[in-house]
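S.K.: Shown below is the structure under consideration.
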Amino acid sequence: MKKGNWLKWFIVTLVFSLLFGVVGCSNFSIFPPTPTENPNPTPAPTETPVDSGINFTLPNLDGEEVSLREFRGKPVLVFFFKSYCSYCKEEAPTIQRIYSRHQEELVVLGVAVNENHGSGSLITSPEEYTQIIRTNFVNKYNWTFPVLIDNYGKVQTEYVGKGVPSFLFLNEKGEIQRTLINPVSESELESLLYQYLL
């Protein structure tokens, strides 16, 4: 083989070796890549709805913790009262009648405030207070709505201030629509419900 032919043959062989070597060891292709689906796609971030309503957690008469957030989706009427309050006792039958008429569309919560005349101390022990409320309100007036105990009146003070009877009107998102500290007649309470909640 002549020197010139040998050199041409060597160069051609070298070029083919390099070309097939590169193609065989890489992802190089003369064809465009075929799109493939990512087997583990990153989920698009979802917006978490902001809960703009208030929340508190208090024990019920059986000692179980109940959160106001559990009642989202319906408007809520919260009735704050104390065991020794004569006006609260006058309101007690009204609250049950309101609940009986509107229980499909409205949540009613009784909150018994265990705080002695603004002193910051308890009226009596939480256990004894629970029994007083059960006997003198729930059983006496045949209440069928949930009743919670607010020891030291912290929830009442935060949301409506001091004084009983008092009322907190919340929409279905748990947002405060109205507060009231005063006895009200049944017709006035109905009117306020329709104005703010129903």
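Values in this text are rule-based calculations from the coordinates and carry no lab data. It should be emphasised that the depicted structure is a prediction, and the values quoted were computed from it without experimental measurement. Here Cβ is always computed from backbone atoms with ideal geometry, including for glycine, and neighbour counts include all displayed protein chains.
S.K.: What pairs from Lys89/Lys162; Lys89/Lys140; Lys89/Lys173; Lys140/Lys173 go past 21 Å between their alpha carbons? Intermediate values should be presented prior to the final figure.
M.R.: Numbers: Lys89/Lys162 17 Å; Lys89/Lys140 10 Å; Lys89/Lys173 30 Å; Lys140/Lys173 32 Å.
Over 21 Å apart, Cα to Cα: Lys89/Lys173; Lys140/Lys173.
S.K.: Oh, and also: What is region 57-196 by shape, rounded, prolate or oblate, if you read a ≥ b ≥ c off the alpha carbon gyration tensor as root eigenvalues and call it rounded for a/c under 1.5, prolate for a/b larger than b/c, and oblate otherwise?
M.R.: Working: a/c = 1.41, a/b = 1.35, b/c = 1.04.
Taking the square roots of the gyration eigenvalues as a ≥ b ≥ c, region 57-196 is rounded.
S.K.: Within 13 Å, Cβ to Cβ, of Asn182, how many net charges do the neighbouring residues add up to if Lys/Arg are +1 and Asp/Glu are -1?
M.R.: Details: positive: Lys162, Arg178; negative: Glu90, Glu91, Glu188.
Every neighbour counted, the sum reads -1.
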